[in-house]
1. Looking at 10, 42, 64, can you tell me which residue is modelled with pLDDT of 95 or more, over 18 Å from the mean Cα position of the chain (by Cα) and of a type in the set (S, T, N, Q)?
2. Is it the case, given these coordinates, that residue 61 is in contact (Cβ under 8 Å) with a residue 40 or more places away in the chain and in contact with a Phe, Trp or Tyr (Cβ under 7 Å, 6 or more places away or on another chain)?
3. Within the stretch 204-227, how many residues are closer than 25 Å to residue 31 by Cβ, surrounded by fewer than 19 Cβ atoms within 10 Å (Cβ to Cβ) and touching a Ser or Thr at 6+ places or on another chain (Cβ under 8 Å)?
4. Out of the stretch 146-156, which residues are surrounded by 15 or more Cβ atoms within 10 Å (Cβ to Cβ) and of a type in the set (Gly, Ala, Ser)?
5. Can you confirm whether residue 230 is among the β-branched types (Val, Ile, Thr), surrounded by fewer than 20 Cβ atoms within 10 Å (Cβ to Cβ), closer than 24 Å to residue 43 by Cβ and touching a Lys or Arg at 6+ places or on another chain (Cβ under 9 Å)?
6. Considering only the stretch 29-39, state which residues are open to solvent by less than 40 Å² (accessible area, probe 1.4 Å) and among the acidic types (Asp, Glu).
7. So residue 25 ticks every box in (1) among the polar types (S, T, N, Q); (2) modelled with pLDDT of 95 or more; (3) surrounded by fewer than 16 Cβ atoms within 10 Å (Cβ to Cβ) but one. Which box is left unticked?
8. Tell me, which residue of the stretch 100-145 that is over 17 Å from residue 83 (Cβ atoms) and polar (S, T, N, Q) is surrounded by the fewest Cβ atoms within 10 Å (Cβ to Cβ)?
Amino acid sequence: MRHCSTTICNARLLLTLLLACLFCTSRAAGRAEVLLETTEGNIRLALYDETPRHRDNFLNLVRNEFYDSLLFHRVIRNFMIQAGDPLSRHAAPGAELGEGDLHYTLPPEFRLPDIYHRRGVLAAAREGDDKNPQQRSSACQFYIVWGRTFSSNDLAKMQQRLDTLTNGRVKLTDEQTRAYRFTGGTPWLDGQYTVFGEVTEGMDVVEKIMRKDTDHNDRPVWDVRILRATVIGEKP
């Protein structure tokens, strides 16, 4: 087998990452956007047209100021940050959170292989399969993925895990494999939780929140709050 030189390999890797970046930018272009102003800084989100029910539901909640003053109530290092529990607005320090929701759920909108759990995407939380075999999404709770990077061997094992979890329905593509190797994410959630947007600005803020000290319920010891959520861009 022929091997490329270090310079050529690095150039190929750079080209791959550049193309992935351009792909993500083109997906976000022209989409409805939401700005989360948090106690740690601002996070800008672009919502996917490919997931219209989740997009429209999220926009409606933002317009009605639902997310204003809610906490990031569940934060797990090298995994994700989660918010949207309405009970978190006036929660006492140290109170366990995560059970609050609205009176409805959303049907899943899985859009594999194009939309998946790479680092920086926005996805809907939900109850587990034992209570929710249809994998319907929470009306209001969401998470932003951080995750980690994986080796080729890790991803081979991950594919075996996905085969078990999804009865062989989810297969990692070359694009997904590259993203999980070099950018990071949470591949074991693919095809099971709906991804409906992505962070376009403020990943440094996401990381800052993700690294907060937490209690035994994964709640930040010092509250991290969404001060205000606003719609800042929509397609005409």
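The values are calculated or read from the model by the stated rules, or taken from the named source; none is laboratory data. If you're wondering where the values come from, they're calculated on a predicted model, not measured in any experiment. Don't worry about glycine lacking a Cβ; one is built from the backbone with ideal geometry, like all the others, and counts go over all protein chains shown. These area figures cover heavy atoms from the full protein model, side chains too; ligands, DNA and RNA do not enter into them. Shrake-Rupley method; radii C 1.70, N 1.55, O 1.52, S 1.80 Å.
1. Matching residue, one of 10, 42, 64: 64.
2. It is true that residue 61 is in contact (Cβ under 8 Å) with a residue 40 or more places away in the chain and in contact with a Phe, Trp or Tyr (Cβ under 7 Å, 6 or more places away or on another chain).
3. Of the residues in the stretch 204-227, 1 are closer than 25 Å to residue 31 by Cβ, surrounded by fewer than 19 Cβ atoms within 10 Å (Cβ to Cβ) and touching a Ser or Thr at 6+ places or on another chain (Cβ under 8 Å).
4. Result: 147, single match.
5. yes
6. Across the stretch 29-39, the qualifying residue is only 33.
7. Of everything listed in (1) among the polar types (S, T, N, Q); (2) modelled with pLDDT of 95 or more; (3) surrounded by fewer than 16 Cβ atoms within 10 Å (Cβ to Cβ), residue 25 misses just condition (2).
8. 134
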